[in-house]
Each structure stands twice: as structure tokens, then as C-alpha cells.
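The values are calculated or read from the model by the stated rules, or taken from the named source; none is laboratory data. Predicted, not measured: the structure shown is a model, and the values here were computed from it. As a convention, Cβ positions derive from the backbone with ideal geometry for all residues, glycine included, and neighbour counts pool all protein chains shown.
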Amino acid sequence: MTDRAQIAGNQQNASGVNDFVEIVKTVAYALLIALFLRVLLFQPFTIPSASMEPTLMEGDYIIVSKFSYGYSRHSIPFSPPLFDGRIMERAPQRGDIIVFKLPRDSRTDYIKRLIGLPGDRIQMRRGRLWVNGEQIPAKELTPVMMDSGYGFTRSVQRFQETFPNDRTFVTYDFGPDGDVDETQTFVVPEGHYFFMGDNRDNSLDSRVPAQEKGVGFVPAENLVGKAQIILLSWNTGASLFKPWTWVTDARPSRFFNVLK
């Protein structure tokens, strides 16, 4: 090999190494930006169950704002024990739809509606919600037919509830004799919150104690963020490995719906 040919070969090798280094740097920068956005700003979630119907349906793809209530260790992937409590803390409002870490394992993400603030007294009486001794107004709407999950459909009652802060939303109810339709009075401890699903008889939430595989009271530190918008939505038959279902099982009427 002549000196000129050897120099050309060395230049090609150096160019190849430089190209590889640039690719690695680009990927690293992209990962850092994605991590920054995920930790500090927004995080996507897919709804896995019917516990928040009719507000959220299984297959909804939502965006959660991480900055709404400040930051805790649970704002960071894998919840590293870097610090306790919350920084830049802002109190949530009754009626917010919130993603939080399940208190009994601090790993599993749950999404429910905030019902009780610290110091509140929460009770269910024959399927109706009472907060601080006052029944939450519930306007009965036209029932709907739903799949029971056992091969038949059933009629489900709908109620439009309105909180004192004028937050209004619709709940599902299978009747006044469900397992959690008649409860004790829960007094929410300081620094904790009380959550319920909008699908009142199909939600494992704060009405069920943690020792009974429920949610119980949720520490403020466990709040991850506020659900802001349904970005996309698919029926449960959609599959990543069946591209045609991305269209046939899409629910475009739910795309870009702002959550209240």
C-alpha cells in the first residue's frame, strides 16, 4: 500500500469513527431531552381498565402534566429515593383526575378522581357521595347499556355530580347495594388524599383499605401528575402488531378531548 493509499484509508476510518460518535451523541441528546420532558413536563399513559368510565375508557391514550402539583421522587422514572416530600408543591383541587403511585407498593400507577382533601370527611350512603356532612348533588341521567364482561349487557345508571367548586362530571352506578355503596366515614389525614373512580361500582379505590388490596389514603408525595387531555383512543381489539386495527378500532370522537 502506498503512503497516499494508507492516508486515504486512515481518513476513511477516522470519518467512520466520527460519524459513529455523532450518531451516539445525537441519540444521547434525544434521550436526555425525552427524559427532561418526561420528568418535568408531560408523561403519556394508556388507560388499562374501566374504573374511570365514562370519563376515561380502556384504550384511551392520555397526557399527564407533571408540573401541576410540583415534584416528588415519583416524578422520576423508577422513583429513586433522592428526596422526601414535594418541591414547588401546589395543592390539587377536588375533582382533578390524577395519576398517583399506589401507596402499598409505590410502583404501580393508578388514575382516579380526587374526592377528599386533607381533613375532609367522606362517606357513601346507598351509593350517594357525602362530603363533610353534605350530599353531593347528583342529577340522574338516561341509563346506558354496557357489556357486563360476562357475555351479556346490563343497564347502568348515570349521574351528573357537581362539587361545591362547580366541577361537574358523570358517574356510572350499578345500583345502591354494591360492596362500597355503604361505607364508614373516612377522615382524610393531613398530607393525604382520598380518590374514587367515576365507575363507582367497578373501582378499587380509597374506599377499600390498603390491607384489603385497595388504595386507602394516598400520601401527597405519591401524586405523579394531573390528567389533561385524551390524545388518542382505540377499542380494546386494537393491536400494535395488527396495523389495520389502528384505523378500524380507532375512536376519533375521543381524540384531543380536554379532561375536566
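Would you check if Tyr61 is modelled with pLDDT of 90 or more and closer than 25 Å to Arg158 by Cβ?
yes
Take Phe100 and tell me if it is modelled with pLDDT under 95 and either part of a loop (DSSP other than H, G, I, E, B) or not acidic (Asp, Glu) (or both).
no
Could you please give the count of residues in segment 57-97 that are part of a loop (DSSP other than H, G, I, E, B), farther than 21 Å from Ile115 by Cα and of a type outside the set (Gly, Ala, Ser)?
10
Within segment 121-168, how many residues turn out to be among the aliphatic types (A, V, I, L, M) and within 19 Å of Val180 (Cα to Cα)?
7
Would you call Val131 of a type outside the set (D, E, K, R) and closer than 18 Å to Gly214 by Cα?
no
Kindly list the number of the only condition in (1) crowded, with 17+ Cβ neighbours inside 10 Å; (2) among the aliphatic types (A, V, I, L, M); (3) farther than 30 Å from Ser72 by Cα that fails for Val170.
Here Val170 meets the rest and fails (1).
If you check Asp147 against the conditions, is it surrounded by 12 or more Cβ atoms within 10 Å (Cβ to Cβ), in the same structural domain as Asn202 (by TED's automatic domain parsing) and touching a strand residue (DSSP E or B) at 6+ places or on another chain (Cβ under 8 Å)?
Criteria not met by Asp147.
What are the pairs, 6+ residues apart or on separate chains, where a residue within segment 166-179 that is closer than 19 Å to Met146 by Cα and in the same structural domain as Ile115 (by TED's automatic domain parsing) has its Cβ under 7 Å from a residue that is modelled with pLDDT of 95 or more and of a type in the set (A, V, I, L, M)?
Listed pairs, sorted by first residue: Val170/Leu141.
Of all residues in segment 83-105, how many are exposed (fewer than 14 other Cβ atoms within 10 Å of the Cβ) and at positive phi?
Going through segment 83-105 one residue at a time, the tally reaches 2.
Quick check, is Lys260 out of contact with any strand residue (DSSP E or B) (no Cβ under 6 Å at 6 or more places or on another chain), touching a residue at least 24 places away in the same chain (Cβ under 8 Å), among the basic types (Lys, Arg) and under 29 Å from Pro118 (Cβ atoms)?
Taking the combined requirement at face value, the residue satisfies it.
Mind listing just one residue for me: the one in segment 233-260 that is of a type in the set (Gly, Ala, Ser) and farther than 23 Å from Thr168 by Cα and, of those, modelled with the highest pLDDT?
Ala250
So that you can scan it fast, the table gives a plain yes or no per residue for (1) among the hydroxyl-bearing types (Ser, Thr, Tyr); (2) outside any strand (DSSP E or B):
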| residue | (1), (2) |
| --- | --- |
| Thr142 | yes, no |
| Gly151 | no, yes |
| Gln157 | no, no |
| Asn165 | no, yes |
| Phe169 | no, no |
| Asp179 | no, yes |
| Thr183 | yes, yes |
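Go through (1) among the aromatic types (Phe, Trp, Tyr); (2) farther than 25 Å from Pro219 by Cα; (3) more than 23 Å from the chain's Cα centre (by Cα) one by one and return the number of the condition Phe159 breaks.
Status for Phe159: all satisfied but (3).
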